[in-house]
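Each remark here refers to the structure printed beneath this line.
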């Protein structure tokens, strides 16, 4: 009796199908699925699929790890070392535990006669479809070292733009978090002390100024049982939202809303165009067929609206259209991008043109992030000053009022 394999395939209409199938080996099962008319997207042994998920959960492999792995792998292959020797060295020197164990598993599979790409396809939580299909194309064309270098460059650029956004948003987020913490601490612990003091000074019938009354009421609410109910309700709402976003309809609706938000929508659109262009360029330059490349681009786009546009383009290409034509009427892709893609198709340098588009939009995204950060930082400081200043003024208003009465 053979092993059970978990698969994700696409039929000739582009529909994603997943399920289980029994077979004697990964290669035989992949061949069987292709004979059935499917395009294999993901295929791995069931027990190893679970193991890969556990590894990812305990010790996640990031883009930097994959970049280092790809560069070291390419260098050793270029130096003429056998594939098994390269994997053995990488398994010994890799520090990330999850990646170390996966490389050891790759070595075992390759020594058993499997292709490297088929061995990688069992670990999709570690190696994305882009990586696996590029390696497969590199094996077919005998240029695995060049392909691995392209993979490393692709991940480096993607990691660079992510790091840029994270570092730019770190300061505003930190300021906002500190402001909220200080505000909560003042309202919860400091305001009750002042409220008791006001009551002792003015008696039970004393009337506090309206801002002070509002502040005291908020303080009483944060320390009441109703606050616990509010926290529970917010937790349930967050859980429900997460479940909704996990559905195809929810993800599509949320992605549409992102694109309509002022300023943020423009940033998301440019990031999506950059990722589409760079991923598509990397796949084409590595020899991956256009239709399969578009499948991978759609799945890794990170935005349901962009994925729908790419799938529409794929269907049009199957009917004999160019890539640029179906993108013309789509609002996601600016006219300049469509025109550059059309020129790339006409000149036979589509991968080069897509790379230039990606570089241009990476610079655009970087500029927008810098601008957004320069706007957010003073706004956050002003907002924090207004909130804390308002609280302090509300606390001292009764004292000012009492001083006036004494005079």
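The values are calculated or read from the model by the stated rules, or taken from the named source; none is laboratory data. On a predicted model such as this, the values are computed, not experimentally measured, just so you know. Please note: Cβ atoms are built from the backbone with ideal geometry, for glycine as well, and neighbour counts cover all protein chains shown.
Among the candidates 219, 224, 167, 163, the residue that is at pLDDT 85 or above, over 26 Å from residue 103 (Cα atoms) and not assigned by TED's automatic domain parsing to the domain that holds residue 43 is uniquely 219. Has segment 16-37 got any residue that is assigned to a strand (DSSP E or B), modelled with pLDDT under 75 and buried (at least 17 other Cβ atoms within 10 Å of the Cβ)? Checked against the condition, which is being assigned to a strand (DSSP E or B), modelled with pLDDT under 75 and buried (at least 17 other Cβ atoms within 10 Å of the Cβ), segment 16-37 yields at least one hit. With respect to being assigned to a helix (DSSP H, G or I), modelled with pLDDT under 85 and under 27 Å from residue 11 (Cβ atoms), residue 292 fits the description.
Any residue in segment 109-117 that is in a helix (DSSP H, G or I) and touching a strand residue (DSSP E or B) at 6+ places or on another chain (Cβ under 8 Å)?
No, segment 109-117 contains no residue that is in a helix (DSSP H, G or I) and touching a strand residue (DSSP E or B) at 6+ places or on another chain (Cβ under 8 Å).
Specify which of the listed residues (249, 282) is assigned by TED's automatic domain parsing to the domain that holds residue 342, in a helix (DSSP H, G or I) and in contact (Cβ under 8 Å) with a residue 24 or more places away in the chain.
Answer to the selection: 282.
Taking the options 302, 344, 320, name whichever one is assigned to a loop (DSSP other than H, G, I, E, B) and closer than 19 Å to residue 282 by Cα. Full working, then the answer.
Values: 344 fails: assigned to a loop (DSSP other than H, G, I, E, B); 320 fails: closer than 19 Å to residue 282 by Cα.
Among 302, 344, 320, only 302 is assigned to a loop (DSSP other than H, G, I, E, B) and closer than 19 Å to residue 282 by Cα.
Consider residue 74 carefully, then state whether it is at pLDDT 85 or above, surrounded by fewer than 19 Cβ atoms within 10 Å (Cβ to Cβ) and out of contact with any strand residue (DSSP E or B) (no Cβ under 8 Å at 6 or more places or on another chain). Criteria not met by residue 74. Only one entry in 379, 372 is part of a helix (DSSP H, G or I), without any contact (Cβ under 8 Å) to a residue 12 or more places away in the chain and assigned by TED's automatic domain parsing to the domain that holds residue 273, namely 379. On inspection, residue 297 passes the criterion of being buried (at least 16 other Cβ atoms within 10 Å of the Cβ) and either part of a helix (DSSP H, G or I) or without any contact (Cβ under 8 Å) to a residue 12 or more places away in the chain (or both).
For residue 196, state whether it is modelled with pLDDT under 85, assigned by TED's automatic domain parsing to the domain that holds residue 391 and loosely packed, with under 12 Cβ neighbours inside 10 Å. Judged against the criteria, residue 196 is a match.
Quick grid of which residues meet (1) within 30 Å of residue 359 (Cα to Cα); (2) more than 18 Å from the chain's Cα centre (by Cα); (3) surrounded by fewer than 22 Cβ atoms within 10 Å (Cβ to Cβ):
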position: 230; (1), (2), (3): no, yes, yes
position: 233; (1), (2), (3): no, yes, yes
position: 240; (1), (2), (3): no, yes, yes
position: 248; (1), (2), (3): no, no, yes
position: 253; (1), (2), (3): yes, no, yes
position: 267; (1), (2), (3): yes, no, yes
position: 278; (1), (2), (3): yes, no, no
position: 288; (1), (2), (3): yes, yes, no
